[in-house]
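For reference, the structure I am asking about is given below.
The values are calculated or read from the model by the stated rules, or taken from the named source; none is laboratory data. A quick note: this is a predicted structure, and the numbers were derived from the prediction, not measured. Positions of Cβ are backbone-derived with ideal geometry, glycine not excepted, and every protein chain shown enters the neighbour counts.
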Amino acid sequence: MAQKKNNNQGFTLVELIVVIVIILILAALAVPSITRYVQKSKVAKCANQRHELETQFQIMGTDVPEIALCDQIGEVNTLLGQDVLNYMVKNGYCSEDITVCPVYNEKYTVEVTVESGHQQVDFSCSCVDGVKGYVSLCGSYYEELKKNNGNKVNREAVIKKVAEEKGFLKITDTIKNKTSFANEDLYWKPYYLTDGKMILFGTTDTNKTDPWEGWKGYLIYIDGQVYQSTNKKWNGDPDSTIIADLKDVNTNTLEKYVEDKKFKKVS
């Protein structure tokens with residue numbers, strides 16, 4: 001009997017290359033979608049963590065009722081004797097892993113404000129739009145520069161990085177209309193104190209090529225509270241305050257600085 005010819009010779013090199021190319025194309029199409037999905041999942045996780053922290057803060061308020069009388073985070077920290085997030089972890093109100101943003105890997109900043117007589121607490125990070133998120137983002141830039149430069153970083157570098165990568169945040173009419181500078185075009189710029197605390201000052205200067213200019217503070221933003229300059233021009237119109245000497249201020253002396261410079265708390 002004649003032997004049948006074996007036609008099973010396997011794949012040729014060309015066929016293998018074609019299959020590999022197809023797999024690579026499919027992978028290239030799939031990776032962006034997977035990346036976006038992972039990113040969205042992290043953003044959703046961050047929102048859930050912030051909500052959980054806000055809930056646990058309220059629960060903590062039932063154990064430490066004096067917290068309800070605080071209208072700034074500095075008062076809360078003083079009352080607790082330490083950073084509020086550390087206190088919450090240490091006393092079992094939350095786990096340490098949910099105190100860090102899963103998107104930007106930065107510890108949440110905490111702000112306490114009072115609106116219409118009601119206390120509001122916000123746990124913010126760079127995911128959050130608006131001023132609170134902007135403060136967190138500026139803080140993350142500062143920490144990044146400090147890490148890359150052996151803990152040595154100047155304010156010019158921070159302001160320049162913010163200018164180039166994010167831009168200066170325009171101050172909304174909602175904030176300006178409560179101040180004496182409603183007709184000014186103002187922008188928030190970052191400023192870190194000697195102990196690393198991040199605050200903002202409102203200025204008209206938006207020079208991105210030389211962002212070191214413009215040390216005129218019309219407004220100052222500290223832990224969710226806005227303060228306005230009470231300086232006057234020769235004709236009696238409201239004017240800015242030179243804030244270059246903020247470079248010598250830390251968290252403990254900030255309140256006195258604001259008082260000495262005659263900045264007024266904005267309702």
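Scan the range 147-158 and tell me whether some residue there is touching a Lys or Arg at 6+ places or on another chain (Cβ under 7 Å), of a type outside the set (Ser, Thr, Tyr), at pLDDT below 85 and over 23 Å from residue 241 (Cβ atoms).
Yes, the range 147-158 contains at least one residue that is touching a Lys or Arg at 6+ places or on another chain (Cβ under 7 Å), of a type outside the set (Ser, Thr, Tyr), at pLDDT below 85 and over 23 Å from residue 241 (Cβ atoms).
Can you name the residue in the range 117-134 that is touching an Asp or Glu at 6+ places or on another chain (Cβ under 9 Å) and more than 24 Å from residue 165 (Cβ to Cβ) and, of all such residues, is surrounded by the most Cβ atoms within 10 Å (Cβ to Cβ)?
The extreme case among them is 121.
Let me ask something else. Could you list all residues from the range 136-145 that are crowded, with 20+ Cβ neighbours inside 10 Å and either among the polar types (S, T, N, Q) or part of a strand (DSSP E or B) (or both)? Spell out how you get there, then give the answer.
First pass over the range 136-145, keeping only residues crowded, with 20+ Cβ neighbours inside 10 Å: 136-139, 141-142.
Once the filter is applied, which keeps residues that are crowded, with 20+ Cβ neighbours inside 10 Å and either among the polar types (S, T, N, Q) or part of a strand (DSSP E or B) (or both), the range 136-145 yields only 136.
Give me the helices (runs of 4 or more DSSP H) completely within the range 154-267, filtered to those with at least 2 residues that are touching a residue at least 24 places away in the same chain (Cβ under 8 Å), touching a helix residue (DSSP H, G or I) at 6+ places or on another chain (Cβ under 9 Å) and surrounded by fewer than 21 Cβ atoms within 10 Å (Cβ to Cβ), ordered by residue number. Can you show your working first?
On the way: elements: 155-165, 173-176, 251-260.
Those helices (runs of 4 or more DSSP H) span 155-165, 251-260.
Testing residue 106 on (1) of a type outside the set (Phe, Trp, Tyr); (2) over 19 Å from residue 221 (Cα atoms); (3) exposed (fewer than 12 other Cβ atoms within 10 Å of the Cβ); (4) modelled with pLDDT under 85, one condition comes back false. Which one is that?
Exception for residue 106: condition (3).
Out of all the residues in the range 162-180, which are among the charged types (D, E, K, R) and closer than 20 Å to residue 220 by Cα?
The first filter runs over the range 162-180 and keeps only residues among the charged types (D, E, K, R), leaving 164-166, 170, 173, 176, 178.
Residues satisfying the conditions are 166, 170, 173, 176, 178.
Output yes when any residue across the range 147-156 is within 24 Å of residue 220 (Cβ to Cβ), more than 10 Å from the chain's Cα centre (by Cα) and basic (Lys, Arg), and no when none is. Before you say what the answer is, go through the steps one by one.
From the range 147-156, those within 24 Å of residue 220 (Cβ to Cβ) are 153-156; that's our starting set.
Now restrict to residues that are more than 10 Å from the chain's Cα centre (by Cα): 153-156.
So of that shortlist, the ones also basic (Lys, Arg) come out as 155.
For the range 147-156, residues within 24 Å of residue 220 (Cβ to Cβ), more than 10 Å from the chain's Cα centre (by Cα) and basic (Lys, Arg): present.
Could I ask something else about it? Could you please find all residues in the range 113-135 being in a helix (DSSP H, G or I) and at pLDDT below 85? Full working, then the answer.
Here is the first cut: in the range 113-135, the ones in a helix (DSSP H, G or I) are 131-135.
Of everything in the range 113-135, those that are in a helix (DSSP H, G or I) and at pLDDT below 85 turn out to be 132, 133.
For the range 159-180, give me each residue that is over 16 Å from the mean Cα position of the chain (by Cα) and modelled with pLDDT under 85.
172, 173, 174
Within the range 160-174, which residues are touching a strand residue (DSSP E or B) at 6+ places or on another chain (Cβ under 6 Å) and closer than 25 Å to residue 231 by Cβ?
Selection gives 168, 169, 170, 171.
Right, next: Taking the condition of being under 16 Å from the mean Cα position of the chain (by Cα) and either charged (D, E, K, R) or within 11 Å of residue 189 (Cβ to Cβ) (or both), how many residues in the range 221-233 meet it?
Within the range 221-233, the subset under 16 Å from the mean Cα position of the chain (by Cα) is 221-225.
Remaining after also requiring either charged (D, E, K, R) or within 11 Å of residue 189 (Cβ to Cβ) (or both): 221, 223.
Matching residues across the range 221-233 total 2.
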